[in-house]
Amino acid sequence: AERIEQRLEDRIPELEQLERVGLFTRKEIRAVLRKASALEYKIQRRALRKEDFINYIQYEVNLLELIKKRRARIGYSFKKDEIEYSILHRVHSLFNRATGKWKDDVQLWLSHVAFCKQWNSKHQLSKVFSTMLAIHSNKPALWIMAAKWEMETRLSSENARHLFLRALRFHPECPKLYQEYFRMELMHAEKQRKEKKEFEQAKMDLGEFNYSEEILNGEMARIVYREASQKIKGVKFQLAVLSIAKLFDFTQDLQKEILETLQTRYTDDPLTWDYLARRELELGSLQPTEHTTKQKKVSEMAQREERCCAVFDEAVRAVPAVEMWKCYITFCLERYNRKTNSEELKQKRLERTLNVFSKAHESNLLSEALYKQWLQLLLDSNLSEKAVEVAEAAARHFSQSVETWQMRLQVLIQLKRDDVTQCFEEAIKHVKSKGSLPLWTLWVEWSEGTNSKEDTEALYQRSLYATTPAESVTMKEMYLDWTYRNGGYKKVKRLFTSLCENRPFSLDFFRKMIQIEKEQESCKMLHLREYYERALREFGSTNTDLWLDYIKEELSHPQGKPENCGSIHWRAMKMLQGDLVEDFVSKYTLLQTGHL
């Protein structure tokens, strides 16, 4: 208590200043003291809680924001040392206590970092980063954040470099660290180039400034890249570094070196070829395009795309793999989907894309997803006969895939072909019963609109035995719904009774039947009880709403017996499991008081 009193007394000078300069009233000062006292007591307990520290910090931050707004409103900008700085000091000490107690909470550290940045506490932030990295040295993202701050805010490339080198001792094979270190060295070189240029323009003597030509040309970045290349294998890293190098206009030699590495070490990787091919588009766009007609632009774009395709053609010969064809097709589809006013170019792109799909199919190197894209493209282009052929070929290649058969069947249904039934039979023969539900639902939905009622009913009956028990649940719901729509109440009641002989069931199956009964003019409570009792046998131990609906029905139905509610409540209490009993009791109380 004495310590808390001391802390509150330490606040008095700043609060007096707030009142004296007219930022806060006497009443507000007292409110601040009361709140601060309560918060202080919470963080002086034996058993400390993180939430108490967070609440205290949040209160102080809100106070700072309020002071800032009041200053702006009355135009008073003095006494910051005696007001804001003492609050800032207190927030930093709170953060230090919290991070000292809960060292593993990265979010707490990051909150302190964000606070320091917001209030421009550079000296304090440097300490925070230093302590945080000593504890969380296993997180590369934190090293990168600290180095970026040194480079971009404190403008100290030396400190940033030092941090990256320390980080690489802990994470010698982290691609992201090398990428950011590489970027930092290039930014440093660019900064020095700009400085030198400005000095030269001002015709100042460069004697005291030593600008090394090697550093100006990005030699440090080259050293980082070479070091990284020995430790990190893979095309993705090379391409990431190359994309960073491209952001700087003095890295042509470095870009050439990275390209050479790609072409010598990674010629068997599809990503290398994909990059080299797409590069042809950029090479063409570097030339000046002033005073060119639309026709000339179109022909130039067509030539560039042809050059890209020539590289891709060479790639699929060198690396005949599914991934390589995927890169080629993705490129063609991207170009086809680009907007253009030239019909000729649009047609050329379509023909090229379809041609590439055909070649990949002939090589047996087309994935299931790409077959789907090919089909979609053919249907969009009104090439229905070809679409049927492709769908058939896809089903042959991936004969056990439900999605592929579904795709083929949807094409046949869309084109209103005669061999839909035959194709369904073929699909069911090839696909395992587990997972075949999408095919059965598609088949019965198609049959409902095309075949006779007898054929559809026979199909529903067949589907119940052909699907797995878990999937047959969905078919039962659909069968019940279809029978009611097409056969009426008596028929659906007979069907319900027969379907109840074979488990499993879903809750929706019973709810559907209850809903059907309620829709009848002479809705009988006797029947509703039967359906509720059947449903409770299956789901009574896991569903509170079902019991409550049963009780509501007894209370509101003209033929209901309110006296049954007590026994239903007693059964529910016996049957429900775990926390559901408490949930049921609270809902039942709300029902009795008329709030549910």
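The values are calculated or read from the model by the stated rules, or taken from the named source; none is laboratory data. Just so it is clear, the structure is predicted and the values come from calculations on it, not from any experiment. Counting neighbours? That spans all protein chains shown, and the Cβs are built from the backbone with ideal geometry, glycine included. Just the protein is used for accessible areas: all its heavy atoms, side chains included, with ligands, DNA and RNA removed. Shrake-Rupley method; radii C 1.70, N 1.55, O 1.52, S 1.80 Å.
Sort out for me the helices (runs of 4 or more DSSP H) sitting completely within segment 421-514 that have 1 or more residues that are within 20 Å of GLN400 (Cα to Cα), in contact (Cβ under 8 Å) with a residue 12 or more places away in the chain and charged (D, E, K, R).
Working: elements: 437-450, 453-466, 469-499.
Output list reads 469-499.
Residue by residue through segment 246-258, note down the ones that are of a type in the set (A, V, I, L, M, F, W, C) and either more than 12 Å from VAL235 (Cβ to Cβ) or touching a strand residue (DSSP E or B) at 6+ places or on another chain (Cβ under 9 Å) (or both).
Let us first name the residues in segment 246-258 that are of a type in the set (A, V, I, L, M, F, W, C), namely 247-248, 250, 254, 258.
Residues satisfying the conditions are LEU247, PHE248, PHE250, LEU254.
Filter segment 110-141 for residues that are among the charged types (D, E, K, R), within 31 Å of the chain's Cα centre (by Cα) and over 18 Å from ILE87 (Cβ atoms) and give the result. Show your work before the answer.
Pass one, segment 110-141, residues among the charged types (D, E, K, R): 117, 122, 127, 139.
Applying the additional criterion that residues be within 31 Å of the chain's Cα centre (by Cα) yields 117, 139.
LYS139, the sole residue that qualifies.
For segment 117-139, which positions are assigned to a helix (DSSP H, G or I) and surrounded by fewer than 18 Cβ atoms within 10 Å (Cβ to Cβ)? Don't jump to the end; show me each part of the working.
Looking only at segment 117-139, we keep the residues that are assigned to a helix (DSSP H, G or I), and these are 117-118, 122-135.
Once the filter is applied, which keeps residues that are assigned to a helix (DSSP H, G or I) and surrounded by fewer than 18 Cβ atoms within 10 Å (Cβ to Cβ), segment 117-139 yields LYS117, GLN118, LYS122, HIS123, SER126, LYS127, SER130, THR131, ALA134, ILE135.
Could you please give the count of residues in segment 1-52 that are in contact (Cβ under 8 Å) with a residue 40 or more places away in the chain, within 23 Å of TYR76 (Cβ to Cβ), of a type in the set (S, T, N, Q) and loosely packed, with under 14 Cβ neighbours inside 10 Å?
Result for segment 1-52: 0.
Just to check your reading of the model, which residue among SER506, SER498 is within 30 Å of LEU546 (Cα to Cα), touching an Asp or Glu at 6+ places or on another chain (Cβ under 9 Å) and at pLDDT 90 or above? Let's see the steps before the verdict.
Details: SER498 fails: touching an Asp or Glu at 6+ places or on another chain (Cβ under 9 Å).
Residue meeting the stated conditions: SER506.
Report yes if some residue within segment 186-198 is over 25 Å from ILE215 (Cβ atoms) and in contact (Cβ under 8 Å) with a residue 12 or more places away in the chain; otherwise report no.
Pass one, segment 186-198, residues over 25 Å from ILE215 (Cβ atoms): none.
No, because not a single residue in segment 186-198 is over 25 Å from ILE215 (Cβ atoms) and in contact (Cβ under 8 Å) with a residue 12 or more places away in the chain.
Checking the condition in contact with an Asp or Glu (Cβ under 9 Å, 6 or more places away or on another chain) and in a loop (DSSP other than H, G, I, E, B), which residue from GLY560, GLY578 passes? Spell out how you get there, then give the answer.
Working: GLY578 fails: in contact with an Asp or Glu (Cβ under 9 Å, 6 or more places away or on another chain).
The conditions single out GLY560.
Given the criterion closer than 16 Å to LYS122 by Cβ and out of contact with any Leu (no Cβ under 8 Å at 6 or more places or on another chain), identify the matching residue among ASN138, ASN159.
After applying the criteria, what remains is ASN159.
Inside segment 82-93, can you point out the residues that are open to solvent by 10 Å² or more (accessible area, probe 1.4 Å) and closer than 15 Å to ARG11 by Cβ?
Step one: list which residues in segment 82-93 are open to solvent by 10 Å² or more (accessible area, probe 1.4 Å), which gives 82, 84-86, 88-90, 92-93.
Passing the criteria: GLU82, GLU84, TYR85, SER86, LEU88, HIS89, ARG90, SER93.
Kindly list the number of the only condition in (1) crowded, with 20+ Cβ neighbours inside 10 Å; (2) not assigned by the TED database to the domain that holds GLU60 that fails for SER156.
Evaluating SER156 over (1) crowded, with 20+ Cβ neighbours inside 10 Å; (2) not assigned by the TED database to the domain that holds GLU60 leaves (1) as the failure.
With a cut-off of at least 1 residues that are closer than 15 Å to PRO270 by Cα, name the helices (runs of 4 or more DSSP H) lying wholly within segment 293-389. Even if it seems obvious, please write down each step before you answer.
Details: elements: 294-318, 322-337, 343-362, 368-380.
Here the list reads 294-318, 322-337, 343-362.
I need every pair where a residue in segment 217-228 that is among the aromatic types (Phe, Trp, Tyr) has its Cβ under 9 Å from the Cβ of a residue that is open to solvent by 30 Å² or more (accessible area, probe 1.4 Å), sequence separation at least 6 or different chains.
Between residues of segment 217-228 that are among the aromatic types (Phe, Trp, Tyr) and residues that are open to solvent by 30 Å² or more (accessible area, probe 1.4 Å), the close pairs are TYR225/GLU257.
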